[in-house]
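The next block holds one structure in the form of structure tokens; read it before the comments.
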Amino acid sequence: MKLSLESITKTYGAHRALKGLDLKLESSRCLTLIGPSGGGKSTTLRLIAGLEKASGGSIQVNNKPVPQTEEELRRYRKSIGVVFQSYNLFPHFDALTNIALPLEKVHGVSREESRDRAQSLLSQFKLATHGRKKPSELSGGQNQRVAIARSLAHNPDLILFDEPTSALDPEMSAQILDVIEELIQSGKDCVIVTHQMGFAKRASDYAAFISRGKVEESGKSLELFDNPQCPELAQFLERELKY
Amino acid sequence: MRALLFLDTENESTGISSLAKAVSFALAFSFLCLLAMAAFASLEYDWNWSAVYRYKTKFIDGWLVTIQVSSVSLVVACLIGGLSALAARSPFLPLRYLSKIYIEGTRGTPLLVQILLIFYVFADAAHLDNRYVVGVLVLSLFSGAYVSEIFRAGIESVGSSQLLSAKAIGFTPYQTFRYIVFPQALRRSLPALAGQFANLIKDSSLLSIIAIGEFTLNAQEVNTSTLSTFESFFPLAVGYLILTLPIFYLSRHLEKRLAFDL
Ligand SMILES: Nc1ncnc2c1ncn2[C@@H]1O[C@H](COP(=O)(O)OP(=O)(O)OP(=O)(O)O)[C@@H](O)[C@H]1O
Ligand SMILES: [Mg+2]
């Protein structure tokens, strides 16, 4: 994935969430965004996902600018997958339908084929026997695996994760991180917002530290984690690793 | 004995046994009956059930009309309420205000006033002379305002995180409404809708004022012919309870089931 964010600003009413954020990556498999709460990580991710429009600046993914009109944005969103922290799934549909319905209604796959594809994804994520269960009948980790399966179903080029494990206990969160790591190894591009520094260091090739609406530091994750340049990042890492 | 009449406050989680429920209900009910009998004894009331019994078809006919008028009104109220709830969210602002004015105006005035106003003023002007049509129309408009609020609450109960997920998936706004918002809003509205139906049944009694031959009017006519007030109006109350109690029960049941099932 090639990514370029140029002096991005985003305001909510009078509040400035992003204040001229810059980030350029020539080619990256997996980018992690880290930083303190309220720094603007989720906002950045929503802009890359085409879920909101930036107030200023330009975003390019693989040399193509993220579109401006609603019609084109919808087509753009169809080409990526997004997994949020929690409440990804629709509570009134069972797991299978949660995966199959978008395939059928958004991507125009036939009903039988969407359900077949959903079933094989469920099997791939060791959920083969849970397809008929509603989200309320599944554990948090199982729900999140269904959500990841759904984000993969249409074979997107890029998958975005916003703290996919922070609503889970350590055991389940380890499971989910393993799943994500396999995805990266199988060749999917992804951007992950996470507080799991060990995972970020191991699984991602690039990392960016976002604080107060700006990228304060970015680079190869091995270097960034082992040898932080700005004192704020050093302090942040120290605190994150302490607990 | 104590266990039959008192709640075990120390471990409430065990619940109340069905025997205790039955005994306590019977006690409360008999107390009320005794009270009523004492009242009638002091009145030296002259019972005359046979005169009223001769009019039993009149009661049944009125009861059926009440069911029909209320049912048709419920269906129309759901249509009006649905449209009004949609209008309240329309991007075209005058529509929003239209819906707002309708809801506030309807909820802020007594049904009786609406019946009089629509029957004597608007229906007259529009040359609507079938009083049953006017009756259903008034009830539907009245109930529609409440149904609209029920639907609105249902729509708003679908959280913003689900809407964001739907957007991320690539659903159009219409698809989001059709597959995500509407099914959940409808299910969450059902208990309140059932309650609203019970209210409609009770409120329909006011239609007697414009001479619609429903349950209450017919009971009043029996009273006029037989001069047996209690014997005319007691079946009236029972007739309404036969309709409303099961509906309230259904509403409570739906509420409980949905609480576990979302
Ligand atoms: N929809 C919104 N409306 C108003 N303000 C918002 C909105 N979304 C985000 N903000 C504000 O923008 C700032 C950045 O928020 P963002 O969610 O991007 O932070 P974050 O880095 O993801 O934090 P966290 O680690 O807590 O998730 C915050 O101050 C937040 O209050
Ligand atoms: Mg966030």
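The values are calculated or read from the model by the stated rules, or taken from the named source; none is laboratory data. None of the values given here were measured: they were computed from a predicted structure. Backbone-built Cβ (ideal geometry, glycine too); neighbour counts: all protein chains shown. Accessible surface is based on the protein model in full, side chains and every heavy atom, while ligands, DNA and RNA are left aside. Shrake-Rupley method; radii C 1.70, N 1.55, O 1.52, S 1.80 Å.
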Inset, instruction - Please find, among B:Y102, B:Y55, B:Y45, the residue that is surrounded by 13 or more Cβ atoms within 10 Å (Cβ to Cβ) and free of Cβ contacts under 8 Å to residues at least 60 places away in the same chain. - result: B:Y102
Legend entry - Pairs, first over 14 Å from B:F142 (Cβ atoms) in the stretch B:63-75, second among the polar types (S, T, N, Q), C-beta under 6 Å, six or more apart: B:T66/B:S204
Inset, instruction - State whether the residues of the stretch A:167-178 include one that is within 14 Å of chain B (Cβ to nearest Cβ), within 16 Å of ligand 2 (Cβ to nearest atom) and surrounded by fewer than 20 Cβ atoms within 10 Å (Cβ to Cβ). - result: yes
Inset, instruction - Kindly provide the set of residues from the stretch A:180-196 that are polar (S, T, N, Q) and away from ligand 2 (no atom under 13 Å from the Cβ), ordered by number. - result: A:Q185, A:S186, A:Q196
Legend entry - Residue list for the stretch A:34-63, filter: farther than 18 Å from A:L158 by Cβ and in a strand (DSSP E or B): A:I34, A:G56, A:G57
Inset, instruction - Test each condition in (1) within 16 Å of ligand 2 (Cβ to nearest atom); (2) in a strand (DSSP E or B); (3) open to solvent by 70 Å² or more (accessible area, probe 1.4 Å); (4) not basic (K, R) for A:D22 and report the one that comes out false. - result: (1)
Legend entry - Criterion: at pLDDT 95 or above and more than 20 Å from the chain's Cα centre (by Cα) - qualifying residue of B:Y97, B:Y146, B:Y120: B:Y97
Inset, instruction - For the stretch A:150-170, indicate whether the set of residues that are farther than 19 Å from B:K167 by Cα and outside the structural domain of A:V66 (by TED's automatic domain parsing) is non-empty. - result: no
Inset, instruction - Just need a number here: residues in the stretch A:29-83 that are of a type in the set (S, T, Y) and either exposed (fewer than 15 other Cβ atoms within 10 Å of the Cβ) or over 16 Å from A:L160 (Cα atoms) (or both). - result: 4
Legend entry - Candidate set: the stretch A:200-218, residues that are under 21 Å from A:G20 (Cβ atoms) and open to solvent by 20 Å² or more (accessible area, probe 1.4 Å); chosen: the one farthest from ligand 1 (Cβ to nearest atom): A:Y206
Legend entry - Residue check for A:Q144: over 30 Å from A:L3 (Cα atoms), outside the structural domain of A:C190 (by TED's automatic domain parsing) and part of a helix (DSSP H, G or I): no
Inset, instruction - Quick one: which residue in A:Y12, A:Y87 is of a type in the set (F, W, Y), within 16 Å of ligand 2 (Cβ to nearest atom) and within 27 Å of A:Q196 (Cα to Cα)? - result: A:Y87
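Residue-wise test of (1) within 13 Å of ligand 2 (Cβ to nearest atom); (2) over 25 Å from A:L241 (Cα atoms).
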residue: A:C30; (1), (2): no, no
residue: A:G38; (1), (2): yes, no
residue: A:K53; (1), (2): no, yes
residue: A:G57; (1), (2): no, yes
residue: A:K64; (1), (2): no, yes
residue: A:K78; (1), (2): no, yes
Legend entry - Complete set of residues in the stretch A:84-96 that are within 11 Å of another protein chain (Cβ to nearest Cβ), touching a residue at least 12 places away in the same chain (Cβ under 8 Å) and open to solvent by 10 Å² or more (accessible area, probe 1.4 Å): A:F84, A:Q85, A:S86, A:L89, A:P91, A:H92, A:F93
Legend entry - Pick from the stretch B:179-197, criterion open to solvent by 40 Å² or more (accessible area, probe 1.4 Å) and more than 9 Å from chain A (Cβ to nearest Cβ), ranking: farthest from A:K105 (Cα to Cα): B:F197
Legend entry - Residue list for the stretch A:102-120, restricted to those being free of Cβ contacts under 8 Å to residues at least 40 places away in the same chain and either assigned by TED's automatic domain parsing to the domain that holds A:D178 or buried (at least 23 other Cβ atoms within 10 Å of the Cβ) (or both): A:S114, A:A118
Inset, instruction - State all residues of the stretch A:14-52 that are away from ligand 1 (no atom under 14 Å from the Cβ) and within 14 Å of chain B (Cβ to nearest Cβ); if no residue qualifies, say none. - result: A:G50
Inset, instruction - Enumerate the helices (runs of 4 or more DSSP H) found wholly within the stretch B:110-169, keeping only those where 3 or more residues are within 14 Å of another protein chain (Cβ to nearest Cβ), acidic (D, E) and exposed (fewer than 15 other Cβ atoms within 10 Å of the Cβ). - result: none
Inset, instruction - Give me the pairs, please: first residue somewhere in the stretch B:198-224 and within 25 Å of B:D124 (Cα to Cα), second residue anywhere and open to solvent by 20 Å² or more (accessible area, probe 1.4 Å) and in a loop (DSSP other than H, G, I, E, B), beta-carbon distance under 7 Å, and either six or more positions apart or on two chains. - result: B:L217/B:A211
